[in-house]
Amino acid sequence: MFQVRIHGRGGQGVVSAAEILSVAAFIEGKHSQAVPSFGSERMGAPVVAFCRIDDKPIKLREPILEPDALIVQDPTLFGAIDVFAGLSKNGYLLINSKRSVEELGIADAIHLPEDNARLVPATEIALKYIKRPLPNAVLLGALAAVTGVIKIDSVTEAIASKFPGKIGDVNIQAAESAYKLLSHNNQEELTC
Amino acid sequence: MLKQIEGSHGVSEAVALCRPEVICAYPITPQTHIVEDLGALVKSGKLANCEYINVESEFAALSVGIGSSAAGARTYTATASQGMLFMAEAVYNASGLGLPIVMTVGNRSIGAPINIWNDQTDSMSVRDAGWIQLFVEDNQQAVDIHIQAFKIAETLSIPVMVCMDGFILTHAIEGIDVPEQKQVDKFLPPFVPRQVLDPEDPISIGAMVGPEAFTEVRYIAHQKQKEALKLIPQINEEFKKIFGRDSGGLISTSNTEGADTVIVTLGSVIGTIEEALDEQDEKIGSLTIRSFRPFPLEEIRSALQNAKRVVVFEKCFAVGIGGIVANNVRMAMSGTNIPVYEVIGGLGGRPIIRKSLHKLFKDAVNDKLEVVTFLDLKKDVVDRELEREKQLIQSGSVAENVLRDGGVVNAAKTT
């Protein structure tokens, strides 16, 4: 089983991201389960969503306590909650930021293989394609590139099914852009 | 067709496939998505010949449902939590009048203190109201059992509640096989009401019944619930033939054969329990109660008779006595010497996690469980508040004190 925990703030599409990821896994014939953390979600409040992907039916219904991958859609969360809780030693970390881990003050909190922790200028990419600061689809493109747990084509197909038409199209462009950027595995490009 | 959809959406599609003629809706978390989706299906014309009635409260939702069902329309509504309390009088009326309404309960706690999260207190608050109560384990069952619920309700002319854990199921997106319309049409014939209010042939129902007949009316209601004990498995078999899926009937068991310890539960927590059981070596079985009303005393007794101990895990409890499900299970086990332990967990949405379950299982097999255990109870916080109450007459609000002592928020100050 591969478990993804997505942190962000209300309005950033955290719950939609988990849903799209689960649909992408479903498209690949896998079993998946997406669940929002349950709360009174509202604009700006910290929000968490979970997605499990497996080859067999998923019965587990506890929150994801030990994620294999962590997506942080909003870097201002680091001071507010323990985002890194339970992250597996060989897990993956994707942070929406154009700054470095040192600049974010989280370098000491990250104990992962070098290529597994990646900073993605997701808001900037979203503004370029979607014209709104919605980093969720961008980070799913990045997840496909960095983890290989899901194919980018499945992610884009899932985006298209959730958001048919223009909104879907620009989100797909944004996701593909992040996929290309991260697939190059070139840290320098990430400071765009 | 297999789809990756939200549990609520699956339920709305299943209800629509049953061709309801009246849906009365008042939104309350966590069932809101179900009635919203149904509203969209009616508006788009995908669900035809159905009147969707927005009402001003839950009391109205079920009262309108009583009217439409009495007029011979297949009727559906949904509720949760305080909404269930607000419609409580109508809940008793629907069953007392023998009206086969189907209602989803997106299980949620009851306040005060206000809490929107999952437990099963709402359904349990009306467990003895005369409705059939079916609890589902996952969203596939939620879909399948709603379709069966209409048939059970209409065969016996009594209402059915389908109870699904709020958020944990209603908001979970997972693979659901949504049946085809022609399969459902084959399974579920059009509604033929046992009684009908018809302006062309006026009658009244629900008139005063005095001491000379009230006992008999109640006795018949009880007999109908007993008939449901036979009917629910029968309808499950019929369903299996057409749809190829087994929803379990009254109870389902796993590895109970030769197990000294059996965990009994209801609802979605069985998924996490089974995962946790797979991770350990003790021979522990599990039993999930699907039909809580009627309560399958004989089936449960027979499934548990070779156990050395029974542990009932439930997301509700009766303040002042203890576990509600546990006490029903004790009734099933009366006359045996098999101890029934009760574990209360998941209240107000506290996550039920494998780590806590592993300790629980270990304590259970070693006979170290107390009769009543509150899983993951923060004993220090409880002790601190009880001590405060001893020391101070004006010790303040318990809920706010507990929030503050638990470090959750900087809640109201006490002196």
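Filter segment B:77-90 down to residues that are crowded, with 24+ Cβ neighbours inside 10 Å and assigned to a helix (DSSP H, G or I), then give me how many there are.
Final tally of qualifying residues: 3.
Meeting the requirement of 2 or more residues that are more than 25 Å from A:His31 (Cβ to Cβ), the helices (runs of 4 or more DSSP H) wholly within segment A:92-186 are A:101-104, A:122-129, A:166-183. Of the residues making up segment B:91-117, those that are small (Gly, Ala, Ser), within 14 Å of another protein chain (Cβ to nearest Cβ) and farther than 24 Å from B:Pro20 by Cα are B:Ser109, B:Gly111.
Among residues of segment A:75-103 that are modelled with pLDDT of 95 or more, those with a beta-carbon under 8 Å from a residue that is among the basic types (Lys, Arg) and in a strand (DSSP E or B) at least six positions away or on a different chain give the pairs A:Tyr92/A:Arg118; A:Leu93/A:Arg118; A:Leu94/A:Arg118; A:Ile95/A:Arg118. With respect to (1) β-branched (Val, Ile, Thr); (2) surrounded by fewer than 19 Cβ atoms within 10 Å (Cβ to Cβ); (3) over 21 Å from A:Glu66 (Cβ atoms), the lone exception for A:Ile110 is condition (3). Whether a residue is charged (D, E, K, R) and at positive phi was assessed, and A:Lys131 passes this test.
For segment B:239-266, filtered to residues that are within 14 Å of chain A (Cβ to nearest Cβ) and within 27 Å of B:Gln183 (Cα to Cα), the residue that is surrounded by the most Cβ atoms within 10 Å (Cβ to Cβ) is B:Ser252. Could you check, for segment A:1-8, whether at least one of its residues is touching a helix residue (DSSP H, G or I) at 6+ places or on another chain (Cβ under 7 Å), small (Gly, Ala, Ser), within 14 Å of chain B (Cβ to nearest Cβ) and crowded, with 18+ Cβ neighbours inside 10 Å? Scanning segment A:1-8 turns up no residue that is touching a helix residue (DSSP H, G or I) at 6+ places or on another chain (Cβ under 7 Å), small (Gly, Ala, Ser), within 14 Å of chain B (Cβ to nearest Cβ) and crowded, with 18+ Cβ neighbours inside 10 Å. Within segment B:21-46, residues that are within 14 Å of chain A (Cβ to nearest Cβ) have Cβ atoms under 6 Å from residues that are part of a helix (DSSP H, G or I) and buried (at least 24 other Cβ atoms within 10 Å of the Cβ) in these pairs: B:Ile28/B:Gly83; B:His33/B:Ser8, counting only partners at least 6 apart in sequence or on another chain.
Consider B:Glu13 carefully, then state whether it is touching a residue at least 60 places away in the same chain (Cβ under 8 Å) and of a type outside the set (A, V, I, L, M, F, W, C). So B:Glu13 fits the description; yes.
Each residue in segment B:152-192 was checked for being part of a helix (DSSP H, G or I) and closer than 30 Å to B:Val217 by Cβ, and 5 pass. Tell me, yes or no, whether segment A:32-49 has at least one residue that is closer than 28 Å to B:Ile114 by Cα, of a type outside the set (Lys, Arg), surrounded by fewer than 21 Cβ atoms within 10 Å (Cβ to Cβ) and at pLDDT 95 or above. Within segment A:32-49, none of the residues are closer than 28 Å to B:Ile114 by Cα, of a type outside the set (Lys, Arg), surrounded by fewer than 21 Cβ atoms within 10 Å (Cβ to Cβ) and at pLDDT 95 or above.
When you look at A:Lys89, is it within 14 Å of chain B (Cβ to nearest Cβ) and of a type in the set (Lys, Arg), yes or no? Taking the combined requirement at face value, the residue does not satisfy it. Scanning segment B:118-139 for residues that are more than 14 Å from chain A (Cβ to nearest Cβ) and of a type in the set (Asp, Glu) turns up B:Asp122, B:Asp128.
Residues in segment A:37-48 that are touching a residue at least 12 places away in the same chain (Cβ under 8 Å) and either within 10 Å of chain B (Cβ to nearest Cβ) or out of contact with any strand residue (DSSP E or B) (no Cβ under 9 Å at 6 or more places or on another chain) (or both): 2 in all.
Restricting attention to segment B:87-129, report how many residues are within 29 Å of B:Val343 (Cα to Cα) and of a type outside the set (Lys, Arg).
Final tally of qualifying residues: 27.
Of all residues in segment B:210-219, those satisfying the criterion of being part of a helix (DSSP H, G or I) and surrounded by fewer than 11 Cβ atoms within 10 Å (Cβ to Cβ) are B:Thr215, B:Glu216, B:Tyr219.
Within segment B:140-170, the residues that satisfy the criterion of being buried (at least 21 other Cβ atoms within 10 Å of the Cβ), in contact with a strand residue (DSSP E or B) (Cβ under 7 Å, 6 or more places away or on another chain) and within 14 Å of chain A (Cβ to nearest Cβ) are B:Ala142, B:Met164, B:Asp165, B:Gly166, B:Thr170.
Are there any helices (runs of 4 or more DSSP H) wholly within segment B:301-415 with 1 or more residues that are touching a strand residue (DSSP E or B) at 6+ places or on another chain (Cβ under 7 Å) and surrounded by 20 or more Cβ atoms within 10 Å (Cβ to Cβ), and if so which?
B:324-332, B:354-365
Please go through segment B:267-289 and pick out each residue that is part of a loop (DSSP other than H, G, I, E, B) and away from chain A (no Cβ under 14 Å).
Scanning segment B:267-289 gives B:Gln280, B:Asp281, B:Glu282, B:Lys283.
Can you tell me which residues in segment B:245-292 are within 19 Å of B:Ala172 (Cβ to Cβ) and of a type in the set (Ser, Thr, Tyr)? The answer is B:Ser247, B:Thr265, B:Ser268, B:Thr272, B:Thr288. You will find that of A:Val146, A:Val155, the residue that is in contact with a helix residue (DSSP H, G or I) (Cβ under 6 Å, 6 or more places away or on another chain), surrounded by fewer than 24 Cβ atoms within 10 Å (Cβ to Cβ) and either free of Cβ contacts under 8 Å to residues at least 24 places away in the same chain or among the β-branched types (Val, Ile, Thr) (or both) is A:Val146 and no other. Among the numbered conditions (1) within 10 Å of chain B (Cβ to nearest Cβ); (2) buried (at least 21 other Cβ atoms within 10 Å of the Cβ); (3) of a type in the set (A, V, I, L, M); (4) in contact with a Gly (Cβ under 6 Å, 6 or more places away or on another chain), the only one that A:Leu65 does not meet is (2). The residue list A:Ala18, A:Ala34, A:Ala24 contains one member that is outside any loop (DSSP other than H, G, I, E, B), out of contact with any Cys (no Cβ under 7 Å at 6 or more places or on another chain) and either within 10 Å of chain B (Cβ to nearest Cβ) or of a type in the set (Lys, Arg) (or both), which is A:Ala24. Scanning segment B:350-400 for residues that are of a type outside the set (D, E, K, R) and within 14 Å of chain A (Cβ to nearest Cβ) turns up B:Pro351, B:Ile352, B:Ile353, B:Ser356, B:Leu357, B:His358, B:Leu360, B:Leu375.
When we screen B:Ser123, B:Ser95 for residues that are modelled with pLDDT of 95 or more, within 11 Å of the chain's Cα centre (by Cα) and part of a helix (DSSP H, G or I), the only hit is B:Ser123. For beta carbons closer than 6 Å, sequence separation of 6+ or different chains, a first residue in segment B:339-354 that is at positive phi and a second that is among the β-branched types (Val, Ile, Thr) and part of a loop (DSSP other than H, G, I, E, B), the qualifying pairs are B:Gly346/B:Ile352.
The values are calculated or read from the model by the stated rules, or taken from the named source; none is laboratory data. Owing to the predicted nature of the structure, the values given are computational and were not obtained by experimental measurement. Glycine gets a Cβ as well: all are built from the backbone with ideal geometry, and neighbour counts include every protein chain shown.
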